[in-house]
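Encoded as structure tokens, the structure appears first; notes follow it.
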Amino acid sequence: MSTPTVPSTRSRKSTVFRRALALPQAKIGLTLTAVVVLLAVLGPWLGPWLTGYDTTGFAGKPFHSDGVAGTDGLGRDVFTRFLAGGATLLLYAVLATAIGIVLGTALGMLAGYTGGRLDSIIMRGNDVLLSFPQLVFALLAIAMLGPQGWLLVLVIGITHAPRVARVARQATVAVKDSDYIKAAQLYAMPRRRILLREVLPNITGPLMVELGLRLTYSIGYVASLSFLGLGIQPPAADWGLMINENRIALVLEPWGVLLPVLAIAVLTVGTNLVTDSLASAAAGREKEAAA
Amino acid sequence: MTAQVTLTHALEVEDLRVNTLAGSPVLKGVSYSIAPGEVLALVGESGSGKTTAGLAALGHFRRGLAPAGGTVTANPRDGQSVEVLGLAERRRRALRGHTLSYVPQDPALSLNPALRIGLQIAEVLEAHGYGASDDERSARVAEVLGEVGLPADEDYQRRYPHQLSGGQQQRVGIAMAFACRPSVVVLDEPTTGLDVTTQTLVLRTVSELTTEHGVAALYITHDLAVVAAIADRVAVMRGGEIVESGTVEEVLRRPSHSYTRELVDAVPDLDGGGELPTPDADAATLRVTDLSVSFGEHRVLSDVSLTVHSGECLLLLGESGSGKTTLSRCVAGLNDDHSGSVELDGTALAASTRRRSADQLRAVQYVFQSPYSSLNPRRTIAQSVEVPLEMLTDLDRAQRRERVGQTLDKVRLSRELAQRLPDQLSGGERQRAAIARALVTTPKVLLCDEVTSALDVSVQATIIDLLCELRAELGTAMVFVTHNIALARHVADRIAVLRGGEIVETGPVDDVLSDPRHEYTRQLLANTPRM
Amino acid sequence: MSRLIIRRLLVSLVVLWLVSLLVFVATLLLPGDPARAILGQQATPDRIAALQAQLNLDAPVWERYLSWLGGVFTGDLGTSAATQGPVNDLLGDRIGASLVLLVTAAVLSTLVGLALGTWSAVRRGRAADHTVSGISLVIAALPEFVIGVALIVLLSTTVFPLLPSVTLAPPGEPVWSQPLQLILPVLTLTLVVTPYITRMMRATMSEVLDSGYVEMARLKGIPERTVLTRHALPHAIGPVAQVIALQLAWLAGGVVVVEFLFRYPGVGQALIDAVNNRDVEVVQAITLLIAAVYIVVNLLADIVGIVTNPRLRTEVSR
């Protein structure tokens, strides 16, 4: 069914965003994400100002119910540490996502557009990396080099790359035989320019979905590694680490576990809702283009 | 049978209204009726609602559509007449495939790729309890396969759809529809995508089956020539309404509605065509010599040679798989894996665009088949038309803009449309934009690859007219690639017939059409339906 | 078809070999003297010398790789630096324990996911569908340990104190001798994976239900039940099998976190301990093991895809 299209002067790009934003899950998702991001970014400054403790939150009274959420086993104020515990996690997650998306998109587009031997080499290399669950690969690297911030970011980013590359490659292959790419070849347009100007703008839909997905996972992995004691190291205040440190006293002082668990849950649910709205919007656009 | 008198029509559709779930009308009160043994053609362009009207006869509505009024009455040959839309889903299902059946547009999509074709026919019989035993049913499967002209043996029945050709797949679709000896068959563009020879076979099969078994057929199509070949009566649809109906003779020869007249005039006819520009008779502009292409073992083109003079239009005729697109791509430099040579004004062109000079690239341009995929969806029309100038000329920005403006004027696209993105334009407007992009470098040779086949009939005619005008004005040599021989007199001076990668016949259009030398050309001409 | 499967098999073997290479090369990343890096600053020169000999550090890299690979092939996974015992002994029981967890969770989530996904697709656009989609979207976002901690709070410590939150296996007794303590880890893993399978199954089925051949089957008057079982479901198997395989690989990663959270004596727990102790040979053995499981599962999924596709199945007969 094709209803007569009313020509609109809006560009396609804004339609995906607008369409996504019109969906209820996008509004909920953005709100949830914004709340946690604000908390994580402002928390380190807000904490000491609100509670009177410095960022280590040391109050000297183990398992005491002073303050908003009590103290932990080392006598540190849980609420102060909670406010301070999201910034590093968020920074690492964003950096890892950026590495994964940039690297994956570049590899995927190159493999998909060039085809042939280069494609096989890149994709076999991908298969090798894909054979490790991301967390296991991170653990392998950490076992060798120790838990360090840059390594966390790098290794999560690198393990995202083949997954992003698969999506980017598939989207590129779908686009590359389009006649508008052939048209560009008619004018002997250089490959770099074809990739950047003709292909890339036409695969942003799936890439944006991938961006959201990878951000959600990055948050999960950084938090998980910290929870395992192999990510962000003590005595730093960090949500994943706090859950690990306080879970022994779960029955006694549940806030040390519950607050960070809640924050991570709200954040990942928020980013995933936004991702889902982007995916729906991109799929909807594709359907319309096909009609 | 006391109600014999009223049973003149096998299917009666009264004031049928269908809306989208959002409430906008898709069918605005459609009425038609078909007598047993009669073929009613439902004609319309894309978006006219003809498929919706056809599916409604089976009480089926696609997702997002719902009936909003009217009746569909079926009068089975041997039973009670029923109003389909008022029935519960379970009763409707009992009618579908049994009393009312359907032949889909694209058999490649409508046959289940994972099931053997024998089973797909047999399951209709099973679902409706046809016959008393399995033996009786398998006998019927074999019989109906024979009726549509397919082998009926066990081995053939055990094939999967992908092991059949397009024409065979469509005949399996027809066999499924006729298996239960229905009273009404709805055929939804069953020959679209088939080549003319197969189309003729399929049309003949449908014709025989409907007359022989007294089946009322609703034949949905956009092709008026096919209507003339198969239908008794015609109903013309536009925007969800039937604007004109009557016998084929009345509607096609003496159309009363302006839209019908427009449609009839737009159909290219073998005899037709106005004045064509006369080419200069000087030396060949484009010369292709001994061009051969193989994909692996498969030889797509073998030793093809042809010439095109400046200002001349050569019609390159071929059915799907004949290698016509490959040939034009080789000339354009989009397929560098070939032997033989391509010369422009006596100079050999490199096989790949990457090794051709800017002058040469400007001189050979290409218009692609589908305007829906040939324009970058993320660029405005004006930007797309400017790209060739950016890549192939030294013009500065202002000069380029000016040239783009002039070219858009030539194809009659307004400056306002040029600022839009492709998906905000109609198919015809997009194709004009694509033509503008090809002409902006003032090429000597323009390759047009099936440029009308993705467009509605009325739009096709305007694009053909535009190309002829531009050719006269600019003196560009043109290679017009098509599968439709009826276009020949409308666009071309000479014709080259391509079959299985070889040119079997070439000559001036009038000579070839009036006195075809090769058997294949004769066959094509005989199978092309005329109005 | 068999040619296709053999080809796929060879690719898997090559990938497996490259994986082993990667796992080995990782040890070259150890900064400075590997033996010192492993044993730490307090190590006595004797122990360092002993480890150097054990790791065969004087030999060239390729020779060390070959002897390590040879060990893997003959079932000798090396010696643990932490326990000084063979890695095989360390992993023996744990592999079984982890498999119990993995297989139970895999079977549960596959069954539930396929059923929910199909149900949701058939009821597209209705309240039931929106509920399933919404809930699976939320759960899919949560990291394993968040789900695990939530379940502990809900079912073990705070709200309903019903189940043990920690696995206590007396030595020498298999974990499944006390089934109650398996419930929370299995439930966590199941909840992690089910949403993905559900969503994929729903998407695939929706697409199939919108296809031309399903519409045609309905227009032939085939009963809806037959339409679903004969025309729709078989087409969903191939694509969904691949997703399930990916999810099982995900389980293999998730099992690490879940075992750590519930102190479950499996391979994942051993991996965390080994990473903490820089027990290089154990880390190598476990990562290689997990990767091998992934490759095999993926291979099986692809074979299912090939076998269920008649186009590929009949390729030879054409």
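For B:VAL251, are the conditions met, namely being surrounded by 23 or more Cβ atoms within 10 Å (Cβ to Cβ) and outside any strand (DSSP E or B)? Judged against the criteria, B:VAL251 is a match. The condition (being out of contact with any Cys (no Cβ under 8 Å at 6 or more places or on another chain) and at pLDDT 90 or above) is satisfied by just one residue among C:PRO234, C:PRO143, C:PRO164: C:PRO143.
With respect to being loosely packed, with under 15 Cβ neighbours inside 10 Å, among the polar types (S, T, N, Q) and either in the same structural domain as B:ILE503 (by TED's automatic domain parsing) or assigned to a loop (DSSP other than H, G, I, E, B) (or both), B:SER292 falls outside the description.
Could you tell me whether any residue of segment C:113-133 is assigned by TED's automatic domain parsing to the domain that holds C:ILE286 and closer than 30 Å to C:LEU271 by Cα? Yes. Within the option set A:LEU225, A:LEU278, A:LEU267, A:LEU195, being surrounded by 23 or more Cβ atoms within 10 Å (Cβ to Cβ), in contact (Cβ under 8 Å) with a residue 24 or more places away in the chain and within 30 Å of A:GLY115 (Cβ to Cβ) holds for one residue only, A:LEU278.
Is one or more of the residues making up segment C:44-58 more than 30 Å from A:ARG124 (Cβ to Cβ), of a type in the set (A, V, I, L, M), modelled with pLDDT under 75 and not in a helix (DSSP H, G or I)? Checked against the condition, which is being more than 30 Å from A:ARG124 (Cβ to Cβ), of a type in the set (A, V, I, L, M), modelled with pLDDT under 75 and not in a helix (DSSP H, G or I), segment C:44-58 yields at least one hit. In this structure, C:THR194 qualifies as away from chain A (no Cβ under 13 Å) and assigned to a helix (DSSP H, G or I). Within the option set B:LEU392, B:LEU413, B:LEU408, being out of contact with any strand residue (DSSP E or B) (no Cβ under 9 Å at 6 or more places or on another chain), within 11 Å of chain A (Cβ to nearest Cβ) and buried (at least 19 other Cβ atoms within 10 Å of the Cβ) holds for one residue only, B:LEU392.
The single condition among (1) more than 30 Å from B:ARG530 (Cβ to Cβ); (2) in a helix (DSSP H, G or I) that B:LEU487 does not satisfy is (1). Filtering C:GLY92, C:GLY75 for residues that are away from every other protein chain (no Cβ under 14 Å), surrounded by fewer than 16 Cβ atoms within 10 Å (Cβ to Cβ) and under 21 Å from C:VAL275 (Cβ atoms) leaves a single hit, C:GLY92. Before we move on, is B:ARG355 among the basic types (Lys, Arg), out of contact with any Lys or Arg (no Cβ under 8 Å at 6 or more places or on another chain) and within 20 Å of A:ILE181 (Cβ to Cβ)? Yes: the conditions hold for B:ARG355.
Return yes or no: is B:VAL504 in contact (Cβ under 8 Å) with a residue 40 or more places away in the chain, outside any helix (DSSP H, G or I), within 26 Å of B:SER294 (Cα to Cα) and not assigned by TED's automatic domain parsing to the domain that holds B:THR247? Considered against the rule, which asks whether it is in contact (Cβ under 8 Å) with a residue 40 or more places away in the chain, outside any helix (DSSP H, G or I), within 26 Å of B:SER294 (Cα to Cα) and not assigned by TED's automatic domain parsing to the domain that holds B:THR247, B:VAL504 comes out as no. Going through (1) within 12 Å of another protein chain (Cβ to nearest Cβ); (2) surrounded by fewer than 23 Cβ atoms within 10 Å (Cβ to Cβ) one by one, B:ARG430 falls short only on (2).
Residues in segment B:156-205 that are of a type in the set (S, T, N, Q) and under 16 Å from C:TYR213 (Cα atoms): B:GLN169, B:GLN170.
Look at segment B:149-168: where a residue is within 20 Å of B:LEU109 (Cα to Cα) and a partner is crowded, with 17+ Cβ neighbours inside 10 Å and β-branched (Val, Ile, Thr), sitting 6+ places away or on another chain with Cβ atoms under 6 Å, you get B:ARG159/B:ILE117; B:GLY167/B:THR198. Looking for something buried (at least 24 other Cβ atoms within 10 Å of the Cβ) and either under 19 Å from the mean Cα position of the chain (by Cα) or at positive phi (or both) - is there at least one such residue anywhere in segment C:235-243? Scanning segment C:235-243, I find at least one residue that is buried (at least 24 other Cβ atoms within 10 Å of the Cβ) and either under 19 Å from the mean Cα position of the chain (by Cα) or at positive phi (or both), so the answer is yes. If you check C:LEU162, C:LEU184 for being within 14 Å of another protein chain (Cβ to nearest Cβ) and either farther than 30 Å from C:VAL122 by Cα or part of a loop (DSSP other than H, G, I, E, B) (or both), only one passes: C:LEU184. Looking at B:LEU150, B:LEU100, just one residue is touching a strand residue (DSSP E or B) at 6+ places or on another chain (Cβ under 8 Å), within 20 Å of B:PHE178 (Cβ to Cβ) and of a type in the set (A, V, I, L, M, F, W, C), and that residue is B:LEU100. Scanning segment C:199-233 for residues that are more than 10 Å from chain B (Cβ to nearest Cβ), of a type in the set (Ser, Thr, Tyr) and crowded, with 21+ Cβ neighbours inside 10 Å yields a single hit, C:THR204. Of all the criteria given as (1) in contact with a His (Cβ under 8 Å, 6 or more places away or on another chain); (2) more than 30 Å from B:SER33 (Cβ to Cβ); (3) not small (Gly, Ala, Ser), the one not satisfied by B:GLU189 is (2).
Being among the β-branched types (Val, Ile, Thr), crowded, with 17+ Cβ neighbours inside 10 Å and not assigned by TED's automatic domain parsing to the domain that holds B:GLY44 is not true of B:VAL196. If the condition is being touching a Phe, Trp or Tyr at 6+ places or on another chain (Cβ under 8 Å) and among the hydroxyl-bearing types (Ser, Thr, Tyr), then segment A:72-121 contributes only A:THR80.
A count restricted to segment A:249-262 and to residues that are part of a helix (DSSP H, G or I) and more than 10 Å from chain C (Cβ to nearest Cβ) stands at 4. Scanning segment B:204-248 for residues that are touching a Phe, Trp or Tyr at 6+ places or on another chain (Cβ under 9 Å), closer than 17 Å to B:GLU189 by Cα, aliphatic (A, V, I, L, M) and assigned to a strand (DSSP E or B) returns B:LEU218, B:ALA235, B:VAL236. Entry remark, segment A:117-154: residues being assigned to a helix (DSSP H, G or I) and either buried (at least 24 other Cβ atoms within 10 Å of the Cβ) or at the interface with chain C (Cβ under 9 Å from one of its Cβ atoms) (or both) number 19 in total. Quick one: which of A:MET109, A:MET189 is within 30 Å of B:ALA438 (Cβ to Cβ), out of contact with any Asp or Glu (no Cβ under 6 Å at 6 or more places or on another chain), more than 14 Å from chain C (Cβ to nearest Cβ) and part of a loop (DSSP other than H, G, I, E, B)? Only one candidate qualifies: A:MET189.
Which of the following residues is in contact (Cβ under 8 Å) with a residue 60 or more places away in the chain, away from chain A (no Cβ under 13 Å), within 26 Å of A:ASP127 (Cα to Cα) and of a type in the set (A, V, I, L, M): C:VAL280, C:VAL255, C:VAL307?
C:VAL307
Within the span defined as segment B:471-484, one or more residues are over 25 Å from B:SER373 (Cα atoms) and not small (Gly, Ala, Ser).
The values are calculated or read from the model by the stated rules, or taken from the named source; none is laboratory data. Small disclaimer: the values here were computed from a predicted structure and weren't measured. Neighbour counts are summed over all protein chains in view; Cβ atoms, including those assigned to glycine, are modelled from backbone coordinates with ideal geometry.
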